[in-house]
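A short worksheet on the structure shown next.
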Amino acid sequence: MVAKRKRKKYKNSPPTGLQVIFREFLKDRVAFFSFVSLVVVIIGVFLWSYLFIDQEALMRINLQDRYSEPGEKFLFGADQGGKDILGQIIVGAKNSIFIAISITIITGVFGVIVGLICGYFGGWIDNLFMRLIDFFITIPSLMLIIVFVTVVPKYTVASFIFIMSMFLWTGTARLVRSKTLTESRRDYVLASKTLGTNDFVIMFKGILPNLSSIIIVELTLNFAGNVGIETGLSYLGFGLPMSTPSLGTLVSYANNPLVLQQYWWVWLPASLFILFMMLAINYVGQALRRSADAKQRLG
Amino acid sequence: MWKIIVRRFILMIPQLFVLSLLVFFLAKFMPGDPFTGLITPQTDPARLEELSEKAGLNDPWPVQYVRWIGNALQGEFGISYTFKRDVAELIGERALNTFWLSLLSVILLYTIAIPLGILAGRYHNSRLDKTIILYSFITYAIPTFVLSLLFLYLFGYKLEWFPTSGSVDIEYSSGTIQYYWSKLHHILLPTITYAILGTTGIIQFLRSEIIDAKAMDYVRTARSKGIPIKKVYTKHIFRNSLLPIAAFLGFTITGLLGGSIFIETIFGYPGMGQLFISSIASRDYSVITALVMLYGFLTLLGSLLSDIIMSIVDPRIRIE
């Protein structure tokens, strides 16, 4: 209400923060639709899998329903163990989204902190982390993730999240560092320094809010990337432990040429679901990116 | 020029060193040892002890590391126990397949991306531009394995246009025309998939490059001299915008290497990526370590190549 009254008073004041994003989404119908459907799907998947699906019953093998067709007993048919495909997609999507969000948050927090410290202080600490990041960028990370996954004893979902995060924090750190570098030469930072404000207060209360739009864009695109990497690794058999349903595992049943050709309902819905997720998240990310950059805005 | 290249090469050494340490320790943690394939129930434990003593497995790790890296530098990566063959030889064979796949993909990728990028830039904000942007957005967002599977299902199994696995039909002997045709036929579907997935970066870069160039002084000068707009595009803008694209080559190669793991596995194409996955499954760690090192080296080489091309193309960014 306050904002509204203010906007009426100063008609020419430029829109800020959330207003910009809101206007961008109103202008771009596809982005708006992507955002709404993503929210609905994510909430729906979590609610459905916690309220209506008994995971043990879902993963119980029942050979009578082996490869039963869609609509016969289950809405989307069953796989080679007679397990409901629809249920597996819901639980798999829940797992994939949960893991992707966890990795995004872990790498985001770590990357932002490292980037802020490196960009703000510079010096040896910046040098050290930059060499480390250079190293991470030039190694074949996909291969090393696979090797780590096979080497780790007692492999769990937590260790998978940890391994992935280890390799994926560098992009955010680099971006935040370069932005902090330019931001920390601005007058407001210098003024704050002269007043004797604590360095960390300047970093987190002064600089960080100014980078928030860039960080939000980065995190959204990272989220999409993480969904892709997690499902891809699970597809290859190096993602989630076998007992945990995953979208990638469902797609990997298609490695059997017979399944690929005849039992399309086993792998196709999961593939299309992954495709939908990737397109929608990326589209939202693009719209956010446009609203973060005044030159590209549509609204 | 040579100074820069040599300096970049020297900078690669510490990175390769750290990578080799990482790979060495990961290999140490892997279950099994180099004799896993040789052990039979009749093997005497004392004999096994003797073997590992002889191979130096009881030495302290720095000694083992130095010996391993020394052998690796001479191209000695040991014996693959699943294939019972020399690792260097095995990888060499697979590398050739991956090389052909990558080469064809890069050629196709550039032939798709360059015209699309130019058209999108030239007819900025038109319907054509929007379609191209949508295409590049979709190919950017779609995961490699999903597109590969959909293509394999559609073109391999449903339409039967392409074979669904392997690199050549066994019935043809090497050297005949059918042999090469069959090879090409097998390589085509993975190549197309690869190329489509890699176009995004180049299209978007070229597009924004051309849109920027339109407002440049040299374009205005050319126009005011009375050069037709078509010629300005083909002669002036095209040349200036295309040069930075050359620098993408190194990154494209790096990207292809990462994708090869998925593409080769799905299309059953016997290259290095597929060898990596099957070696992981059989815990063939002499092959795994060799492949990780090789991929690391090639990735570094790719970024080096980009830097070199960039400094040839644009003298302003030569680092002193």
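The values are calculated or read from the model by the stated rules, or taken from the named source; none is laboratory data. On a predicted model such as this, the values are computed, not experimentally measured, just so you know. Cβ sites come from the backbone with ideal geometry, for glycine too, and all protein chains shown count toward neighbours. Only protein heavy atoms, including side chains, enter the accessible area calculation; ligands, DNA and RNA are left aside. Shrake-Rupley method; radii C 1.70, N 1.55, O 1.52, S 1.80 Å.
Listing for the model above:
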| read-out | value |
| --- | --- |
| Nearest-20 debye value, the protein assembly as shown charge dipole, Cβ charges on Lys, Arg, Asp, Glu | 3940 debye |
| Shielding of A:143-149 by partner chains, average beta-carbon count, 10 Å | 6 |
| Convex hull volume per residue for the protein assembly as shown, taking Cα atoms only, in Å³ | 239 Å³ |
| Nearest-0.05 FRET efficiency for A:N198 and A:L18, computed from C-beta distance (R0 30 Å) | 0.55 |
| Length gained when the stretch B:I227-B:L103 is fully extended (0.36 nm per residue, less Cα-Cα span) | 40.9 nm |
| Packing rank of A:39-47, A:25-33, where each peptide gets the mean count of other beta carbons within 10 Å, highest leading | A:25-33, A:39-47 |
| Cα shape, the range A:148-213, gyration tensor, a/c 1.5 rule | prolate |
| Distance cut-off 23 Å, percentage of C-alpha pairs in the range A:193-299 lying past it | 51 percent |
| Value of [θ]222 nm, deg cm²/dmol, for the protein assembly as shown, DSSP H segments ≥ 4, -39500 (n - 2.57) each, nearest 500 | -23500 deg cm²/dmol |
| Heavy-atom surface of the range B:88-281, accessible at 1.4 Å and reported per residue (Å²) | 48 Å² |
| For A:130-141, mean number of other protein chain Cβ atoms within 10 Å | 5 |
| Low-density loop positions, trypsin sites (Lys or Arg not before Pro), the range B:212-295 - DSSP coil, at most 10 other Cβ in 10 Å | B:K225 |
| The range A:85-129: Rg to Rh, with Rh as the Kirkwood radius over Cα pairs | 1.38 |
| Computed over chain B: relative contact order in percent, which uses C-alpha pairs under 8 Å that are six or more apart | 26 percent |
| The range B:234-320: radius of gyration over Cα atoms, expressed as a fraction of 2.2 N^0.38 Å | 1.45 |
| Förster radius 25 Å - calculated FRET efficiency between B:R85 and B:Y179 (Cβ-Cβ, nearest 0.05) | 0.60 |
| Semi-axis lengths (Å, descending) of the ellipsoid that matches the C-alpha gyration tensor of the range B:88-281 | 38, 17, 16 |
| Between helix B:61-73 and chain B: long-axis angle, C-alpha atoms, 0 to 90°, nearest 10 | 60 degrees |
| Entries in A:K27/B:K130; A:K154/B:K84; B:K130/B:K230; A:K94/B:K158; A:K179/A:K205 that, when Cα-Cα distance is taken, lie over 25 Å | A:K154/B:K84; A:K94/B:K158 |
